[in-house]
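Input: one structure, supplied below.
Just so it is clear, none of the values below were taken in a lab; they were calculated from the coordinates. These numbers were taken from a predicted model, which means no experiment stands behind them. All Cβ positions, glycine included, derive from the backbone under ideal geometry; neighbour counts span all protein chains shown.
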Amino acid sequence: MITQSCCNDASCVAACPVQCIRPRPGDPDFTTTEQLYIDPATCIDCGACAAECPVEAIIHHTELPDRMEEFRSINADYFTEHPLGDVTPQAVARRRLPQDKPHLRVAVVGSGPAALYAAGELSEMRRVEVTIIERLPTPYGLARFGVAPDHERTRRMTDRFAPVLRRPNVTCLFDTEAGRDVSIEELRRHHHAVIWATGAFADRPLGVPGEELEGSVSARDFVAWYNGHPDFSDHRFDLSGRRAVVIGNGNVALDIARLLAQPVTAYEQTSISPQALQALRASGVREVMIVARRGPAHAAYSTGELLALANLSEVDLLALPDETSTEAAPASDVADPSPSDMRRRLAAVRAAAARTP
Ligand SMILES: Cc1cc2nc3c(=O)[nH]c(=O)nc-3n(C[C@H](O)[C@H](O)[C@H](O)COP(=O)(O)OP(=O)(O)OC[C@H]3O[C@@H](n4cnc5c(N)ncnc54)[C@H](O)[C@@H]3O)c2cc1C
Ligand code: SF4
Ligand code: SF4
């Protein structure tokens, strides 16, 4: 079964001898799917996919923990709506430099997942040299400073990237900011190509009056702080209030809600920053409200993440009963999910609405 931590990188797809993992790159729903799925009726339990998964998202059906039980039907339901169809393996092209190119030097700016997937693909080719330029003293971008500290499986993604940094044809320049320590002209002069993989560097203002007031902070700053990002080590966040409000309902909103709502003991053995751990120990927050424009059917979070929050024994996840229908919150900015996704999303929120704290 493919479970909650799937990051859709499709590493497992080519490994499957019976091609029963969907959607595959190129399928119409590949870029919008919440996660990939295994067809339980076709899978032969060979385990090849699990060995390829960078985040240990694939779990044998006999070893599925109770809190992930829903993923049994989540995987199967996908194939009710999308029958498996063509199981011809996708062509895997072996990349090589054209004969008339004696060598290729590429600068990759950034060392997050985008940079390291690019550097990995390039440095597999002979006669290619890659220079990675990273402004921080450490690699991995948001895979280290964004992914929640309690998402240990996802954070293990960095283990897959580490060998790329050690390849003999890859040079790493840390503590080096492109545009400040090295100019774009210099990079272009010494390389045949420059790849910019610098991530999302700034916040997008909401345009809501008062968003600049004290106590209103961006998720980017808060997440960077609790993950120990060096730019945010001296930040202070006031957690003395009883109720915190998170605006937006994507997976980052759920990461923050989980962090604020769970007992601090859930984070003591994680890589959370010492400052954040200390602040959480003194936190007065007892209630977290998630306020969002989109309703539950169109929310940006994945169902797996919502279920994970709902299944925490120390957290009561509640939803307002009048907000659990599609009519209550039609989305104007995103397409409707597939009928099975819609059913699953609403079922998860209705279950929360039916609870008493
Ligand atoms: C809070 C949060 C939680 C997340 N959780 C998950 C999750 O659980 N699962 C999942 O699959 N995805 C998760 N994501 C998404 C994932 O982290 C991002 O999609 C991914 O990291 C983006 O990769 P990137 O390489 O484009 O950018 P980044 O990871 O942001 O990397 C950009 C890198 O470029 C460097 N850089 C920037 N400017 C310069 C410059 N001028 N010179 C040199 N270096 C520079 C930065 O320091 C950084 O290291 C999460 C994201 C956030 C914000
Ligand atoms: S375990 Fe199943 S899904 Fe995974 S590679 Fe083998 S047959 Fe494919
Ligand atoms: S390899 Fe793992 S993370 Fe990647 S798509 Fe497959 S299940 Fe998801």
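Would you kindly calculate the translational diffusion coefficient of the chain, applying Stokes-Einstein with the Kirkwood radius from alpha carbon pairs, for 37 °C and a viscosity of 0.692 mPa s, and quote it in µm² s⁻¹ without decimals?
145
Still on this structure: P(r) for region 104-196: what percent of alpha-carbon pairs falls in each 5 Å bin, starting at zero?
3, 14, 26, 23, 18, 10, 4, 2, 0
Now a separate question. With all distinct Cα pairs included, what does the Kirkwood hydrodynamic radius of region 221-261 come out to in Å, to one decimal, could you say?
Taking the inverse mean of 1/r over all distinct Cα pairs, region 221-261 comes out at 11.2 Å.
For region 219-353, compute Rg over Rh where Rg is the Cα radius of gyration and Rh is the Kirkwood radius from the inverse mean 1/r over Cα pairs.
Here Rg/Rh amounts to 1.00.
Taking every alpha carbon pair in region 13-81, what does the distance histogram look like in 5 angstrom bins from 0, in percent?
Over region 13-81, the share of Cα pairs per 5 Å bin runs 3, 16, 27, 30, 19, 5, 1 percent.
Go through A48, M1, V182 and say which Cα lies farthest out towards the positive end of the charge dipole of the chain; charges sit on Cβ, +1 for Lys and Arg, -1 for Asp and Glu.
Farthest along the dipole direction, towards plus: V182.
Could you work out how far the C-alpha centroid of region 40-78 sits from that of region 151-184, in angstrom?
30
With a 10 Å cut-off between alpha carbons and a GNM built on the chain, which of Q99, Q35, Q262 moves the most?
Judging by the Gaussian network model, the answer is Q99.
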